[in-house]
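A.B. asks: Below are the structure tokens for one structure; questions will follow.
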Amino acid sequence: MTNMNDRAKVVVIVSSDISDIYFANQLMKAVNVVGVVVETQHRASSTLEKFNKLVRRLKNPVGLVRKLRSSSASKAYLDKAAKINYDGFGDEGLAVSEKDGVRIVHTEGVRDINAPRNVEIIRRMDPDIIAVCGASILKNPVIEIPRLGILNLHGGLSQQYRGVWTTMWAIYNSEPEYVGATVHHINKNIDEGDIIFQGRPEISPDDNHESLYVKVVKIGISLMVDAIKGIEDGTVKRHKLKKKGALYLSKRVTPDIIKKAWENIESGVIAEYLDNRNERDKKVKLYE
């Protein structure tokens, strides 16, 4: 593909989280996005309503919903997380921007991206590539639509951490060296598809898992754009995932887990890593 008319048509599928909306808006600036599908992933609840009041004070009505479904979670940690994410993603994480030629669709059912009506909507957009960030697990009817494949931005290094909340889990496990982003092809399994690109953020002494997550998403967006352009010009390479990282599902995240991750930050897990960065980074192998 060598000219504007030959650019791949991209459909973006995201959740309504602030990071994922930000992802969609950045891709619309960089590649030929023809449609954005925002998946509804959470039912309304009194707990969610309370959280939404919190984030609206930061102009962020939807971010971090995954982290805040438990009413027993510490308000101090919720306040801190919401502010860090809004400071990192800003207004571009609040809503998908209107753009000529881009169809924006919000699903109606909860986690029903694979429902026949949504599959048909995506099919009619006629994408060459689907780019995913934060969506539910996609099934074959969606996976089979784009002729050039589906790419996922996974907020972790798949060789070590698969699933969700992987930046937080790396900090919980005192392994900041394994914080990173993976852009990979989607298959029927979770974060096991062929890797295209991986990257790791520069870690600063004042970082925490939320600020690192912001960095990871921004690195991942850049890698996703490069991957799409590499597919367009035929230069992209695929790397088989030789080692599958541990799988972390959302049900494993409890207020106590979140609290412990913040306690690790407060007790110096980042400083410990930085003091021995060269040695600890030696064990990090990308694309393997």
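The values are calculated or read from the model by the stated rules, or taken from the named source; none is laboratory data. What you see is a predicted model, and the numbers here were worked out from it, not measured in a lab. As a convention, Cβ positions derive from the backbone with ideal geometry for all residues, glycine included, and neighbour counts pool all protein chains shown.
A.B. asks: Output the qualifying pairs, or none if there are none: Cβ atoms under 7 angstrom, residues six or more apart or on different chains, first residue in the stretch 78-99 and under 13 Å from V214 (Cβ atoms) and touching a residue at least 12 places away in the same chain (Cβ under 8 Å), second residue of a type in the set (A, V, I, L, M, F, W, C) and outside any helix (DSSP H, G or I).
C.D. replies: What qualifies is A81/L64; A82/L58; A82/L64; K83/L58; N85/L64; Y86/L58.
A.B. asks: Could you list, in sequence order, the residues of the stretch 100-125 that are within 17 Å of M28 (Cα to Cα) and in contact (Cβ under 8 Å) with a residue 40 or more places away in the chain?
C.D. replies: G101, V102, R103, I104, V105, H106, I122, M125 - these are the residues of the stretch 100-125 that are within 17 Å of M28 (Cα to Cα) and in contact (Cβ under 8 Å) with a residue 40 or more places away in the chain.
A.B. asks: Tell me, please, whether a residue that is closer than 24 Å to K139 by Cα, in contact with a helix residue (DSSP H, G or I) (Cβ under 6 Å, 6 or more places away or on another chain), modelled with pLDDT of 65 or more and surrounded by 21 or more Cβ atoms within 10 Å (Cβ to Cβ) can be found in the stretch 34-43.
C.D. replies: Scanning the stretch 34-43 turns up at least one residue that is closer than 24 Å to K139 by Cα, in contact with a helix residue (DSSP H, G or I) (Cβ under 6 Å, 6 or more places away or on another chain), modelled with pLDDT of 65 or more and surrounded by 21 or more Cβ atoms within 10 Å (Cβ to Cβ).
A.B. asks: Right, next: Restricting the stretch 201-225 to residues that are of a type in the set (D, E) and under 21 Å from K260 (Cβ atoms), which is nearest to the chain's Cα centre (by Cα)?
C.D. replies: The residue in question is E210.
A.B. asks: Out of A95, A81, A135, which single residue is under 30 Å from K188 (Cβ atoms), surrounded by 14 or more Cβ atoms within 10 Å (Cβ to Cβ) and not charged (D, E, K, R)?
C.D. replies: A135
A.B. asks: Check whether at least one residue in the stretch 247-270 is under 15 Å from L157 (Cβ atoms) and surrounded by 19 or more Cβ atoms within 10 Å (Cβ to Cβ), and report yes or no.
C.D. replies: Residues of the stretch 247-270 that are under 15 Å from L157 (Cβ atoms), as a first pass: 247-248.
This time we only want the ones that are surrounded by 19 or more Cβ atoms within 10 Å (Cβ to Cβ), so: 248.
Scanning the stretch 247-270, I find at least one residue that is under 15 Å from L157 (Cβ atoms) and surrounded by 19 or more Cβ atoms within 10 Å (Cβ to Cβ), so the answer is yes.
A.B. asks: Of the numbered conditions (1) crowded, with 21+ Cβ neighbours inside 10 Å; (2) more than 19 Å from Y77 (Cα to Cα); (3) touching a Pro at 6+ places or on another chain (Cβ under 7 Å); (4) not basic (K, R), G156 satisfies every one except a single condition; which is it?
C.D. replies: That leaves (3) as the condition not met.
A.B. asks: In the stretch 70-111, which residue that is modelled with pLDDT under 85 and closer than 26 Å to R124 by Cα is farthest from the chain's Cα centre (by Cα)?
C.D. replies: Within the stretch 70-111, the first condition is being modelled with pLDDT under 85, and the residues that meet it are 70-79, 109-111.
With the extra rule that they be closer than 26 Å to R124 by Cα, the set shrinks to 109-111.
Working: G109: 21, V110: 19, R111: 16 Å.
Ranking the candidates gives G109 first.
A.B. asks: Just checking: which of the strands (runs of 3 or more DSSP E) contained wholly in the stretch 76-175 hold 3 or more residues that are out of contact with any His (no Cβ under 6 Å at 6 or more places or on another chain) and not β-branched (V, I, T)?
C.D. replies: Strands (runs of 3 or more DSSP E) meeting the threshold: 150-154, 161-163.
A.B. asks: Any idea which residue in the stretch 54-64 is modelled with the lowest pLDDT, counting only those that are over 30 Å from K9 (Cα atoms) and either touching an Asp or Glu at 6+ places or on another chain (Cβ under 8 Å) or crowded, with 20+ Cβ neighbours inside 10 Å (or both)?
C.D. replies: The residue in question is K59.
A.B. asks: For the stretch 126-153, name all the residues that are in contact (Cβ under 8 Å) with a residue 60 or more places away in the chain and touching an Asp or Glu at 6+ places or on another chain (Cβ under 7 Å).
C.D. replies: Of everything in the stretch 126-153, those that are in contact (Cβ under 8 Å) with a residue 60 or more places away in the chain and touching an Asp or Glu at 6+ places or on another chain (Cβ under 7 Å) turn out to be C133, G134, A135, S136, P146, L148.
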